[in-house]
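Values quoted throughout were computed directly from the atomic coordinates according to the rules given, and no laboratory measurement underlies them. A quick note: this is a predicted structure, and the numbers were derived from the prediction, not measured. All Cβ positions, glycine included, derive from the backbone under ideal geometry; neighbour counts span all protein chains shown.
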Amino acid sequence: MKKLIALLGSVILFVSIAHAQTIYSPNNYIEYHVGNVPIVLSAPHGGGLEPTSIPDRTCNNPTTVRDSRTRELALAIDSMFHLRTGCRIHLIVCNLRRTKLDCNRDIVDGACGNPDAEIAWTAFQHWIDSARLISESNFAENFYIDLHGHGHTKQRLELGYLLWGSRLRNSDSTLNTPTFVGYSSIKNMVANNVNNYTHAELLRGPQALGTLLANAGYPSVPSMQDIHPDTADAFFSGGHNTRVHTCGTPNVSANGVQIECNWTDVRNTEANRIKFADSLSSVLINYLNHHFNMNLGFCAPAAASSISKNPLIVFPSILSAGEDIHLQNNQEEGDYFIYNLTGQLVQKGKTQNLIELKSNLAPSIYYLRLQLKNEIRSAKFTVH
Ligand SMILES: [Zn+2]
């Protein structure tokens, strides 16, 4: 217990001084990318670490299946959101495999009594709490997402608002009763959104999260296009994290949702993960702006706050480390920043239209962000 208290002490210290940084629990079992916008994203089931010092979980008939590639997807969401806005979401990732720790259960079932697993579990949960407190002290609203991957047959996103399939199969008027609003992980949003949308509208109206995602090419349930899962459908309605880190729990004001991602087009390839991450980022920006009047593009300097609709053209788009990148449609000098897939800055400088890449860049996909006087332009390129 002493070890745990010491850890939490250092966690609080770190959080208070850290900004746009990543902090780790012992052995890197948990990582927290500290953000500066009121979006908190957690990925509990995508970890791959299997230390022999932690025995496999056997207590209480555990589920141990991994949500493949959700760790990578969460990192891509962090990167793409940053690329779009210059701002950082809060990201908390469990790097332990689910056979060792389940970060979406209570500590008894999740850690099965192993002290190292308990420390990791506590860091994961505590950092979500910290992220929410940081958000609440700076913003009127904040939004929580617990990211998962499902293996169900229907290739669609399942949005868990703590409403089971049978509850979602009710009429709009039933969903709008205080009893059903009371179950919901967005009940505070029902009470306080700028357009006074009802619960049913926020679940499956034209501006519902599922509808916006479906419009972006990612079928979702519930949404206007797919209002509820059918009786025969498997459906995840939200687990431990969604319950304890949203207004589903008394004294927590955050609204939120569990997003269960299907495999095809969302998680299955790096290119699809990046595409989905960018779409989700765009949807979240619009969603929070529409419902809460929240402008999440403020992290860039005021004069350069608008994201250009005119993408930067880089040539070649696939190149070797040490080669020159030519910016074909830019005439103005600005500051450029190159980020890797995990959102780390790997190179920066000033340019008008030529960048000489560092010679030690590992083969991967990178994001280029060019900050000009009045706009931000961005592009993606590959080093092979
Ligand atoms: Zn999961």
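Cβ crowding within 10 Å ranks 224, 294 as 224, 294, fewest other Cβ atoms first.
Computed extension gain for residue 109 through residue 321, at 0.36 nm per residue and net of the alpha carbon distance, reaches 71.6 nm. Can you give the net charge of the other residues whose Cβ lies under 13 Å from the Cβ of residue 168, counting K and R as +1 and D and E as -1? Counting the neighbours of residue 168, the net charge comes to -2. Each residue of segment 349-355 was assigned a 3J(HN,Hα) from its phi angle through the Karplus expression (A = 6.51, B = -1.76, C = 1.60, θ = phi - 60°), giving x, 10, 8, 9, 8, 9, 10 Hz with x at Gly and Pro.
This ranking places 109, 324, 102 by how few other beta-carbon atoms lie within 10 Å of each, fewest first, which gives 324, 109, 102. Other residues with beta-carbon under 11 Å from the beta-carbon of residue 204 carry, at +1 per Lys or Arg and -1 per Asp or Glu, a net charge of -3.
Sorting 187, 373, 348 by the number of Cβ atoms found within 10 Å of their own Cβ, with the fewest placed first, yields 373, 348, 187.
A simple spin-label model places pseudo-atoms 7 Å from Cα toward Cβ; at residue 231 and residue 350 they are separated by 7.0 nm. Neighbours of residue 32 by Cβ distance under 14 Å: Lys/Arg scored +1, Asp/Glu scored -1, total 0.
Full extension of the segment from residue 196 to residue 137, taken as 0.36 nm per residue of separation minus the current Cα-Cα distance, would add 18.8 nm. Please state, rounded to one decimal and in Å, the Kirkwood hydrodynamic radius that segment 13-135 gives when every pair of distinct Cα atoms enters the mean of 1/r. Final number for the Kirkwood radius of segment 13-135 is 14.5 Å.
Over segment 306-383, the hull volume per residue, using the convex hull of the C-alpha atoms, is 78 Å³. Helices meeting the span-like rule in the chain (full DSSP H runs, Cα extent of at least 27 Å along the helix axis, mean Kyte-Doolittle score of -0.5 or higher): 115-138, 270-292. Computed per residue of the chain from DSSP H runs no shorter than four, each worth -39500 (n - 2.57), the mean residue ellipticity at 222 nm is -9500 deg cm²/dmol. Along its principal axes, the chain has C-alpha extents of 59, 51, 41 angstrom, given from the largest down. Per-residue 3J(HN,Hα) values for segment 245-258, derived from phi via the Karplus relation 6.51 cos²θ - 1.76 cosθ + 1.60 with θ = phi - 60°, read 10, 10, 5, x, 10, x, 6, 9, 9, 4, 8, x, 7, 8 Hz in sequence order (x marks Gly and Pro). Backbone geometry of segment 96-112 corresponds, through the Karplus equation with coefficients 6.51, -1.76 and 1.60 at θ = phi - 60°, to 3J(HN,Hα) couplings of 7, 5, 5, 5, 9, 7, 10, 7, 10, 9, 6, 5, 5, 6, x, 9, 6 Hz, x marking Gly and Pro. For segment 147-283, a/c is not less than 1.5, where a ≥ b ≥ c are the root eigenvalues of the C-alpha gyration tensor, and a/b tops b/c. That puts it in the prolate class. Applying 1/(1 + (r/R0)^6) with r as the Cβ-Cβ distance of residue 329 and residue 365 and R0 = 22 angstrom yields a FRET efficiency of 0.60. The calculated FRET efficiency for the pair residue 271 and residue 61, based on their C-beta separation and a Förster distance of 56 Å, comes to about 0.90.
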